Amino acid sequence: MMEQSGNRDEMIHTDAWMPIYLKGLEDGKKVKLTPFGFSMYPVLVGGRDSLILHKIDRDLRRGDICLYRRDNGIYVTHSVHHVDKMGIYLLGESQTVIEGPLSMDHMLAVAEGFIRKGKLYSCSNAKYIFLHEIWMVLRPFRPLLIKIYRKVMKY
């Protein structure tokens, strides 16, 4: 089992610092967010990798990585699986269950890029979009593929 960076008892609760990030987004600034947890694995490793987020200034589309707030108040970063007239449907990279529909009122920011193992990647890069689409199609097989990946690679 992978260990998560940091002890949650030693962390500052998200509700304490998120308003600062959200104010920056409202003011048109980009924010760097380091997620914790492993729902975005293998694309992002919690506590190690980061997202570069900005205010949503366009319609969301399949593959966008979004920061959103669930009705229960929890902040989440997941990828858009699809958008239809009912709303937005999202999915963590290590997950198989699609969440939604959610409204634009839930959506707080969209990633323009991410930092993985210290290297910056653009979410608009054609290679990333292609590989991410393959990963979306392989959704039913993700648990097995992640198990194999974890045995072969060091995260």
Which of the pairs Lys30/Lys117; Lys29/Lys127; Lys32/Lys55; Lys127/Lys151 have their Cα atoms more than 22 Å apart in this structure? Lys29/Lys127; Lys127/Lys151
So the FRET efficiency between Met153 and Asp15, C-beta based with R0 = 35 Å and rounded to 0.05, is 0.55
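Just the accessible area per residue of the range 9-91, please: how many Å² with a 1.4 Å probe?
On the way: 4450 Å² over 83 residues.
Per-residue value: 54 Å².
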Which value in nm describes the separation of the simple spin-label points at Arg58 and Ser124, placed 7 Å from the Cα toward the beta carbon? 0.6
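Gain in length, Leu131 to Asp105, computed as 0.36 nm per residue apart minus the alpha-carbon separation, to one decimal in nm? Intermediate values should be presented prior to the final figure.
Values: separation 26, 0.36 × 26 = 9.36 nm, distance 2.90 nm.
Gain in length upon complete extension: 6.5 nm.
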Go through the range 83-99 residue by residue and turn each phi into a ³J(HN,Hα) via Karplus (6.51, -1.76, 1.60, θ = phi - 60°); whole Hz please, and just put x for glycine and proline. 10, 9, 5, 7, x, 10, 10, 10, 7, x, 5, 9, 9, 10, 8, 8, 9
Can you tell me which of Leu67, Leu51, Leu144 moves the most in a GNM of the chain? Springs connect C-alpha atoms under 10 Å apart. Leu144
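Asp84 to Arg139: FRET efficiency via 1/(1 + (r/R0)^6), r the Cβ-Cβ distance, R0 22 Å, to the nearest 0.05? Please report the intermediate quantities before stating the final value.
Numbers: r = 17 Å, r/R0 = 0.77.
Computed FRET efficiency for Asp84 and Arg139: 0.80.
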What is the Rg over Rh value, at two decimals, for the chain, using alpha-carbon atoms and the Kirkwood definition of Rh? 0.94
Of the heavy-atom accessible surface of the chain (probe 1.4 angstrom), what whole percent is carbon and sulfur? 58
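The values are calculated or read from the model by the stated rules, or taken from the named source; none is laboratory data. Everything numeric in this text was worked out from a predicted model, so none of it was measured. So basically every Cβ, Gly included, is an ideal-geometry build from the backbone, and we count neighbours across all protein chains shown. Just the protein is used for accessible areas: all its heavy atoms, side chains included, with ligands, DNA and RNA removed. Shrake-Rupley method; radii C 1.70, N 1.55, O 1.52, S 1.80 Å.
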